[in-house]
Amino acid sequence: MSGNARSRLLDELSSVSRRYMASYALFNQAVADHLGLHPTDLQCLNLLTLEREPVTTGRVAELTGLTTGSATRLVDRLERAGYVVRERDAGDRRRVLVATVPEKIVEFGRMWDRLGGGWVALFDDLDDSELTLLIDHMRRTTEFSAAQVTRLREGRV
């Protein structure tokens with residue numbers, strides 16, 4: 001591929017990527033508004049549903065990139081909304097864990113099912129190698145974004 005063709009493709013990728021991120025941010029805002037949550041709280045709840053066990057507020061801070069103080073306030077809001085509870089760690093009573101409320105998570109999952117009903121169909125025309133490419137891209141983008149968040153928060157821009 002010539003340098004010009006690749007340059008045009010990278011320009012198009014940049015443009016499409018920016019539209020994709022904006023559309024997701026707007027979608028996230030609409031879902032958060034629907035649930036009466038802050039968009040960051042919605043994504044934290046999303047991440048908590050991916051964790052296998054209840055987590056500490058420190059882990060919430062790691063997942064979200066927030067300070068521990070901000071993560072505590074986020075957990076407070078999710079607790080008031082009924083999505084999480086704080087519970088003592090059975091192994092170490094000094095530790096407090098954040099656990100999702102199963103009934104609310106089932107309700108949360110049903111909402112995602114209603115909104116994403118046609119999502120899998122978007123990939124019907126892709127073969128396994130193309131799906132693998134998308135998965136790899138998403139993982140690499142997630143890692144890249146996390147590094148950029150760290151740079152921004154540390155003032156290294």
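Read the figures in this text as sums done on the coordinates, not as results from a lab. Computed from a predicted model, the values in this text were never measured in an experiment. Every residue, glycine as well, gets a Cβ built from its backbone with ideal geometry; the counts of neighbours run over all protein chains shown.
Under the combined filter of DSSP loop state and at most 16 neighbouring Cβ atoms within 10 Å, the stretch 40-144 retains these chymotrypsin sites (Phe, Trp or Tyr not before Pro): W119.
Placing a label point 7 Å from the Cα of A81 along the Cα-to-Cβ line, the residues of the stretch 3-30 whose backbone N sits under 13 Å from it are 28-30.
For T56, the residues whose amide H sits under 5 Å from its own are V98, ignoring neighbours fewer than 5 places away on the same chain, with H placed 1.01 Å from N. Phi angles of the stretch 82-99 translate, via the Karplus equation with coefficients 6.51, -1.76, 1.60 and θ = phi - 60°, into HN-Hα couplings of x, 8, 9, 9, 9, 9, 6, 5, 4, x, 8, 4, 6, 7, 10, 10, 9, 10 Hz per residue; Gly and Pro are given as x.
Taking the centroid of alpha carbons for each part, the stretch 57-79 and the stretch 1-33 are 29 Å apart. Taking the longest Cα principal axis of the chain as reference, the axis of helix 3-35 is set at about 30 degrees. Over the stretch 1-126, the reciprocal of the mean inverse Cα-Cα separation, the Kirkwood hydrodynamic radius, stands at 17.0 Å. A simple spin-label model places the labels of R93 and D125 6.3 nm from each other, with each point 7 Å out along Cα-to-Cβ.
Cβ-Cβ distance of R151 and N46, R₀ of 22 Å, FRET efficiency by 1/(1 + (r/R0)^6): the value works out to about 0.40. Taking V84, V60, V120 as the candidate residues, the one with maximal mean-square fluctuation in a Gaussian network model of the chain, Cα springs under 10 Å, is V120.
The GNM of the chain, with springs linking C-alpha atoms under 10 angstrom apart, assigns the highest mean-square fluctuation among T142, T40, T67 to T142. Hey, with R₀ at 30 Å, roughly what FRET efficiency would T142 and S2 work out to, going by the Cβ-Cβ distance, to 0.05? Calculated value: 0.45.
Largest GNM mean-square fluctuation across A71, A30, A22, computed for the chain with C-alpha springs under 10 Å, falls on A22.
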